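The values are calculated or read from the model by the stated rules, or taken from the named source; none is laboratory data. Remember, it's a predicted structure, so these values are computed and weren't measured experimentally. In this analysis, Cβ positions are derived from the backbone assuming ideal geometry, glycine residues included, and neighbour counts consider all displayed protein chains.
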Amino acid sequence: MASVTELKTQDDVDAMLKASHDGPVALLKHSVACPISARGQEQFVGLEGEGDPKLYAVVVQYARELSGYIAETLDVQHETPQAIILKDGEPASVFNHHRIKTADLREAAQNAA
């Protein structure tokens, strides 16, 4: 199973953005109550191969303000589930709902590298 860092504070988000300057990172915003989010999370954690990006996640029910901070900071409209590939502190690719697929996330991360 892939190791995912849970974001709980704005400092956590800022650290993730800083890490994206060293290479692409992947962020998942998801809900614990939605079956579409569960499927998106399953696809997201499929990024566990060598060369795959570091993974971060935020559960929107537990961190609504943080989810808003992320949307504002990245200038990306909030949706759930949502996977974002970040490079150099900016969104390189955004995937929502059923578009969250392991292969597409991997390809986007490789393209951002």
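Some values worked out for this structure:
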read-out: Identity of the residue in region 1-37, of a type outside the set (Val, Ile, Thr) and in a strand (DSSP E or B), that ends up nearest to residue 61 (Cα to Cα); value: 30
read-out: Within region 44-65, tally of residues that are closer than 16 Å to residue 25 by Cβ, free of Cβ contacts under 8 Å to residues at least 60 places away in the same chain and not in a loop (DSSP other than H, G, I, E, B); value: 5
read-out: Within region 6-22, tally of residues that are under 16 Å from residue 84 (Cβ atoms) and over 14 Å from the mean Cα position of the chain (by Cα); value: 2
read-out: Pairs with Cβ under 6 Å, 6+ apart, first in region 73-101 and in contact (Cβ under 8 Å) with a residue 24 or more places away in the chain and farther than 12 Å from residue 39 by Cα, second loosely packed, with under 15 Cβ neighbours inside 10 Å and not hydrophobic (A, V, I, L, M, F, W, C); value: 88/21
read-out: Of all residues making up region 72-111, the number that are of a type outside the set (Gly, Ala, Ser) and part of a loop (DSSP other than H, G, I, E, B); value: 10
read-out: Residue list for region 48-103, restricted to those being in contact with a helix residue (DSSP H, G or I) (Cβ under 7 Å, 6 or more places away or on another chain), surrounded by fewer than 20 Cβ atoms within 10 Å (Cβ to Cβ) and among the aromatic types (Phe, Trp, Tyr); value: 69
read-out: Residue 41 vs. criteria touching a strand residue (DSSP E or B) at 6+ places or on another chain (Cβ under 9 Å), farther than 14 Å from residue 88 by Cα, polar (S, T, N, Q) and not in a strand (DSSP E or B); value: yes
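Okay, residues lined up against (1) modelled with pLDDT of 95 or more; (2) within 20 Å of residue 79 (Cα to Cα):
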{"position": "2", "(1), (2)": "no, no"}
{"position": "7", "(1), (2)": "yes, yes"}
{"position": "10", "(1), (2)": "yes, yes"}
{"position": "16", "(1), (2)": "yes, yes"}
{"position": "21", "(1), (2)": "yes, no"}
{"position": "26", "(1), (2)": "yes, yes"}
{"position": "38", "(1), (2)": "no, yes"}
